[in-house]
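For reference, the structure is listed below as structure tokens.
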Amino acid sequence: MRKRFLKESLSGVSEVWWEIPGHLDVRNNRLYIANTDAEKLAQEHGTPLYVYNGDRIVENFSRIKEAFAASGAKPRIHFAMKANSHLAVLQLLLKQGAWIDAVSVDEVKIALKAGFPRERILFTGTSVSNSELKQLAELSVKINIDSFSQMERMKQLSFKGEASIRWNPGEGAGHHEHTITAGKFIKFGIPEHRIEEAFRKAKAFGFKVGGLHQHIGSGWLGKDVEVFLETVDKTIAVAEKAQEILGKKFEFIDFGGGPGIPYSKDQKQFPLEKYAKGIVGKMEQHGMRAEIAIEPGRYIVGDAGVFLTEVNTVEEKNIPVIGTNSGFNHLVRPAFYGSHHEIIVCGNVGGREKGEFMVAGNLCETSDVFNETKQELRELPIPKEGDILAILNAGAYGYVMASNYNSRPKPACVMLLNGKAHLVSKRETLEDLVRLESEVG
Ligand code: LLP
């Protein structure tokens, strides 16, 4: 049966464009993550399993710092914890000097639990309720205002804390239309034609407004960096106007998150230098002295995470299907955005006998595939049942978007740091699935 999967034209040369020395290496045809055999990790901790390389997270964070330092700047780097909110990840980044971009009250509480001081947390919510506003005021974190409604209600609640305003600079970018957050059909922020009014109102309300915020979208690379830099220019011009209205200088301008990572071999590395230099240069051109803030999530944790899943079935159906022991309940990006994630056969990375497969999950849904689409079959060394597959670039928006669909517990997560493996999140159990349930009658 194996033969039938074989593609005749294959050269047998494997593509390992994703190798990152010391982080993802191929040794003796096997995948190593942070110098640890990936299959061994799967044996020790079970699958499905998220593996994070803590050292890689630190490296990614440092690269951002260094790119800005090369332009003489020291930005506030707010980690967008929506990308990966494990306490261990947050604590690692706290030690590196990170700040926090939080989007819910509980994200704020988790960041505080991880040890972040409240003055290093900026809450940027949308459709924020009064009860959330009260809790945020009690927690004394900075609030980034998303709407006039929110501002009015903050006034009614006698908000005395620090605030900033999020505006929509009119143009967005992202790897998928779902991840573009500026432009016309977008719910976030104050639109351009009302932004001056927003600052006038904030002043009239006596708010302590320390900054302006934009976030144009998530996962942009290449030419999109130019679109981003145009919005940076516009944002600084709005900040100048806002300072005039408020009659005081801003503390910071926050340019949001969004720097992408290469998920497939045709994508290039994010041009970090151009990005950092671009922001710093535009601040200088305008003579703007406020501190620079940015909110990267994916760039810091994305490539540091690998998702391991086991092969349950290998079978020629109408098409050749590899059935795994996970699905979009654990990594939804392919099914939700059609995102490409490299899939590696951990114990036979460059195997010459290859086939083209649908790599499917174990959920009862047709869309439950790890390929970009159901039609795009993936060329892989032919795996055996029991083999371990690694799905790369799963560190951002992986575990945080996991669900319990089909009553399947969430996977365990391990962090490799300084040569040691630490269990940072236990595997859920049946008890966890029914913990909040009660029987009737
Ligand atoms: N700041 C704000 C206000 C945001 O809404 C986001 C992401 C970020 C920062 C961080 O963006 P990043 O640097 O990670 O691109 N689930 C999608 C991504 C949604 C991003 C939502 N907001 C995905 O898997 O691609």
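Just so it is clear, none of the values below were taken in a lab; they were calculated from the coordinates. These figures come from a predicted structure and were not determined experimentally. Every residue, glycine among them, receives a Cβ derived from its backbone with ideal geometry; neighbour counts consider all protein chains shown.
Figures for the structure shown
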item: Per-residue Cβ neighbour rank within 10 angstrom, fewest leading, Trp220, Trp18, Trp167; result: Trp18, Trp220, Trp167
item: Mean residue ellipticity (222 nm) of the chain, computed from DSSP H runs ≥ 4 via -39,500 (n - 2.57), nearest 500; result: -8500 deg cm²/dmol
item: Net lengthening on full extension, Lys248/Gln156 (0.36 nm per residue, minus Cα-Cα); result: 30.7 nm
item: Counting all C-alpha pairs of the chain, share separated by more than 43 Å (%); result: 18 percent
item: Rounded to the nearest 20 debye, dipole of region 128-220 from Cβ charges on Lys, Arg, Asp, Glu; result: 360 debye
item: Whether region 328-425 is rounded, prolate or oblate, judged on the alpha carbon gyration tensor where a/c under 1.5 counts as rounded; result: oblate
item: Full-extension gain in nm, Glu437 to Val103, via 0.36 nm per residue minus C-alpha separation; result: 117.5 nm
item: Span-rule helices in the chain, defined as complete DSSP H runs reaching 27 Å or more along the axis (Cα) with Kyte mean at least 0.0; result: 224-246
item: Separation of alpha-carbon centers, region 242-268 and region 156-215, rounded to whole Å; result: 13 Å
item: Given charges at Cβ of Lys, Arg, Asp, Glu: region 54-299 dipole, positive-most of Gln91, Phe159, Gln243; result: Phe159
item: Top of Arg378, Arg76, Arg289 by mean-square fluctuation, Gaussian network on the chain, Cα under 10 Å; result: Arg289
item: Footprinting exposure proxy for Ile110, Ile279, Ile186 (fewest neighbouring C-beta atoms within 10 Å first); result: Ile186, Ile110, Ile279
item: 10 Å binning of all Cα-Cα separations within region 34-167, expressed as whole percents from 0 upward; result: 11, 34, 28, 18, 7, 1
item: Mean projected area (nm²) of the alpha-carbon convex hull when region 54-299 is viewed from all directions; result: 12.3 nm²
item: Within region 86-102, backbone nitrogen closer than 16 Å to the virtual label 7 Å beyond the Cα of Lys113 toward Cβ; result: 86-92, 102
item: Rounded to the nearest 20 debye, dipole of region 292-437 from Cβ charges on Lys, Arg, Asp, Glu; result: 340 debye
